[in-house]
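Worksheet for the structure shown next.
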Amino acid sequence: MKIRFLTLLAAFSMLFLIACGGTAPAEPVVEEEPVVEEVVEEPAEEEVMEEEPVEEEVMEEEEPMEEMAPSIAEIAAGDETFSTLVTALTAAGLVETLSGEGEFTVFAPTDDAFAALPEGTVESLLEDPEGALTQVLLYHVVDGTVMAETVVGLEAATTLQGEDVAISVVDGSVFLNETVQVVTTDIEASNGVIHVIDGVILPPSMSAEEEMEEMEEPTMSIAEIAAGDENFSTLVTALDAAGLVDTLAGEGEFTVFAPTNDAFAALPEGTVESLLEDPEGALTWVLLYHVVDGTVLAETVVGLESATTLQGEDVAISVVDGNVFLNETVQVVTTDIKATNGVIHVIDGVILPSSMSAGEEEMEGEEMMEEPTMSIAEIAAADESFSTLVAALDAAGLVETLAGEGEFTVFAPTNDAFDALPEGTVESLLEDPEGALTQVLLYHVVDGVVLAEAVVELEAATTLQGSDVTISVVDGNVFLNETIQVVVTDIKATNGVIHVIDGVLVPELE
């Protein structure tokens, strides 16, 4: 508008001069042009125009920053210095927790922090993801967003694990539990904040020393641990007499409920001596009733109602006022003594299988086992480890025979022995109860009572099936037909005796 006005003004002046009869000089017109250029503030308009997109850029930058803020888990996953932490969180199933809604403060150990732990510690934690690992990780997390300016004013903070982590400030540096330093603070996430620490912190209930002891690889077998502890001298004597030392010193995984010397001493007078006089029979039977296959730690034991022992029968488990009892009366007093081949739980009494009429009031020295009350068939029916044998005897119509009068020696295969047969064998035998099944079962029975002390002197024994079974002794172990081992002997019945074997004997069938 200024330009048009000035232009009209100039034109009007020229007309005025002409009208007055003068000649309009060119100079004034030319001189007015710079005035026009000075009045036109084009640069100012350009500056105004440039300011508008600046405001738009600011608006565009602020909105996506809020929407795309990563979670704690995402920040950790995107930082190589937290790779071990991320692996641990994944194993413990905590990634989703730290990725989702909520507000958390995480004291995050670096890879170097994990690497500084004693050798094998991380691996050991990862092997127990729902237990020790989760406990340790949750001890690094506090509910809510606690920024550094607040942390420095605290003496402690309660973690999601349930216990407090101590906080102290020394020379301007923040320490957790006095030794672990906070090295980076206030890494903000969409669901909280991360403070980086230079060590792994453990809750007081899992003090570093105790945790390391638990994680140390055991160096001694069950037998070696027992032999090295004077409290188990009677147990070691019994194991030695029964020939079970090598078993509990060798390969495999076992859980042993180990009676102390006091436990054996609490038995009626003469009981231990009586057991030691029958090492391959009653003693072995009692000792195997204290052993469970596999490693069953205390945390698992408390969740069980019973456990099947190597003797074949179950031991009942109950928890009363936080204490674990076996068969209602024998208490577990010490747990989780780890060995290279399993674990020991110490008990304050000797437990006896139900087939031995185990009540202490019935235990009077040698009379404890010398008067059996059940037949061969009844003993087998009462023991779950012989359920397949009982089914076979029933199908073949032999239950009454082994429940009635007479004297028999039965080499009894366990369920595991039948399971070891080629697939379909048991089913095939059961389909021919009066033929092949009966022949196989009678091949396990010898006429008369042949106790272990007599068996070891024989080279063969004639079975009710008609064929002989060969007998050999190798390194103190008895084998039938060279390959089937006798694992328990002299289980006495009213009509004979049972010797337990680890395989099924098969005669030559026509």
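The values are calculated or read from the model by the stated rules, or taken from the named source; none is laboratory data. Remember, predicted model here, so these are calculated numbers, not experimental data. Glycine gets a Cβ as well: all are built from the backbone with ideal geometry, and neighbour counts include every protein chain shown. Quick note on the areas: whole protein, heavy atoms, side chains included, nothing else; ligands and nucleic acids left out. Shrake-Rupley method; radii C 1.70, N 1.55, O 1.52, S 1.80 Å.
Structure notes:
- Gain in span if fully extended, residue 181 to residue 295, counting 0.36 nm per residue against the direct Cα distance: 37.2 nm
- Theoretical gain in end-to-end length, residue 302 to residue 163 [0.36 nm per residue, Cα-Cα removed]: 47.7 nm
- Other-chain or far-sequence residues with amide H under 5 Å of residue 184's (modelled H): 196
- Taking only Cα atoms of segment 97-153, radius of gyration then Dmax in Å: 13.6, 37
- Shown for segment 404-510: the carbon plus sulfur share of the solvent-accessible area, taken with all protein chains present and a 1.4 angstrom probe, equals 46%.
- Antiparallel content of DSSP bridges confined to segment 358-510, in %, to 5: 75
- Stretching residue 453 away from residue 277 to a fully extended chain increases their span by 62.2 nm, per 0.36 nm per residue minus the current alpha-carbon distance.
- Computed on protein heavy atoms with a 1.4 Å probe, the accessible areas place 220, 147 in the order 220, 147, largest first.
- Three principal axis lengths of segment 366-420 [C-alpha, angstrom, descending]: 37, 22, 17
- Residue-wise HN-Hα coupling along segment 315-326, computed from phi with Karplus coefficients 6.51, -1.76, 1.60 (Hz; x: Gly, Pro): 9, 6, 10, 9, 10, 10, 6, x, 9, 9, 10, 9
- Förster radius 51 Å - calculated FRET efficiency between residue 482 and residue 320 (Cβ-Cβ, nearest 0.05): 0.55
- For the peptides 290-298, 69-77, 497-505, residues were scored by their other Cβ atoms within 10 Å and the scores averaged per peptide; the highest-first order is 497-505, 69-77, 290-298.
- Under Karplus coefficients 6.51, -1.76 and 1.60, residue-wise ³J(HN,Hα) of segment 496-501 in Hz, glycine/proline x: x, 8, 10, 10, 7, 10
- Amide H contacts under 5 Å for residue 501: 412, 414, 487, restricted to partners 5 or more places along the chain or on a different chain, H placed in the peptide plane at 1.01 Å from N.
- Computed in the context of the full set of protein chains, the accessible area of segment 164-281 at 1.4 Å probe radius has 46% of its extent on carbon or sulfur.
- Cα-only Debye scattering, segment 371-510: base-10 log of I(q)/I(0) at q = 0.09, 0.13, 0.17, 0.18 Å⁻¹: -0.23, -0.50, -0.89, -1.01
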